[in-house]
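Every read-out reported here was derived from the displayed coordinates using simple, explicitly stated rules and does not represent laboratory data. A quick note: this is a predicted structure, and the numbers were derived from the prediction, not measured. Don't worry about glycine lacking a Cβ; one is built from the backbone with ideal geometry, like all the others, and counts go over all protein chains shown.
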Amino acid sequence: MLKFLRPTLIATALATAGLASQAADLPGKGVKVLPLKSSIAEETFQTLLVIKALEKLGYEVQPIQEVEYPTAHIAIGNGDATFLADHWNPLHADYYKNAGGEAKLYRTGTYSDNAAQGYLIDKKTADAHHITNIEQLKDPAIAKLFDNDGDGKADLTGCNPGWGCEAVIEHHLGAYKLRDTVTHQQGSYSALIADTITRYKAGKPVFYYTWTPYWVSNELKPGQDVVWLEVPFSSLPGEQAGTDTKLPNGKNYGFVVNKQQIIANKAWADKNPAAAKLFAIMQLPVSDINAQNHLMSQGQGKPADIERHTNAWISAHQATFDGWIEQALAAAK
């Protein structure tokens, strides 16, 4: 029996040695990575996909730490964390600048493109009262249609502090002279939007802010259930000031169509060309993010669910994923 076993043991030992050698050759061996993300649970998918690619390169990725965007940008700029997979450009322009900009942050390539955002109301109310522009809510009679708490003002389901969108909304309320007739409701966006959807299903008027990629537009479909509101003119705060928000089709929803990018600590990226290359070339279609986010909204939001979704995406796009790894490995040589 031993004479048959011996070649098998030798083959196994050689294979193990080969794997160990291969692992030793990976550019990320012994290098720790600390990923950050915001409190938006739906951004876990994008972050996890980057993590799985980094692990293929041998990097030792720590558990994801959750902090809001302003803190994340500063932490990465200072080298206290490694990367953020969901930097919105130009929405986070002020955070990027405050964290040191190009001197401290690495930002190359576009991870996900065509991220739209803006204000919507239910189509039934829009059609009945011919509402197409947020400026019409200056009229107390129109604003009162969206009053949920009896104070006579429209209640806008708004944006969490620290996300960036809240600064734009607050700016718009002033620029379009809506403060007397509109209340920006803030808190937990997921709880607020769930309540908004419940009101819609009960046949009540709704007025809310949202963005894509996100699951809300799967529940309340623009053009079918709800309509986008235009703004009277372009007006943005901070680093985005002076930007024209009008779209090629002539519509103006008040926000620039954003791209999501992976940002990393620049000094770390300079020392890790494989990871830097990976961050630059990874691309994820908005439609795929929307689809995964919708699964989360349907009860598949546990860590094990998101892990399964990420693995399924890789399996369905194996050639693309392997291509990222090959290019990253080549950049390390």
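Just a few scattered comments:
- For the stretch 117-240, lysine pairs separated by 8 or more sequence positions, or belonging to different chains, with Cα-Cα distances below 15 Å total 12.
- Mean residue ellipticity (222 nm) of the chain, computed from DSSP H runs ≥ 4 via -39,500 (n - 2.57), nearest 500: -13500 deg cm²/dmol
- Principal-axis tilt of helix 189-201 within the chain, Cα atoms, nearest 10 degrees: 50 degrees
- Within straight-line cross-link reach of LYS302, aspartates and glutamates at Cα separation under 17 Å, skipping those fewer than 8 residues along the same chain: GLU42, GLU43, GLU66
- Eligible lysines near LYS246 by straight Cα distance, threshold 18 Å, same-chain separation 8 or greater: LYS259
- Dipole magnitude for the chain: computed about the Cα centre from +1 point charges on Lys and Arg Cβ and -1 point charges on Asp and Glu Cβ, it is near 960 debye.
- Overall form of the stretch 117-240 per C-alpha gyration tensor (a/c, 1.5; a/b vs b/c): rounded
- Gaussian network model of the chain, Cα within-10 Å springs - most flexible of GLN292, GLN224, GLN283: GLN224
- Cα shape, the stretch 189-318, gyration tensor, a/c 1.5 rule: oblate
- Helix 318-332 axis versus longest C-alpha principal axis of the chain: approximately 70°, rounded to the nearest ten.
- 0 to 90° range, to nearest 10: angle between helix 44-56 axis and the chain longest Cα axis: 20 degrees
- Cα shape, the chain, gyration tensor, a/c 1.5 rule: prolate
- Other residues within the sphere of radius under 12 Å centred on the Cβ of PRO140, judged by their own Cβ, net out at -1 (K and R +1, D and E -1).
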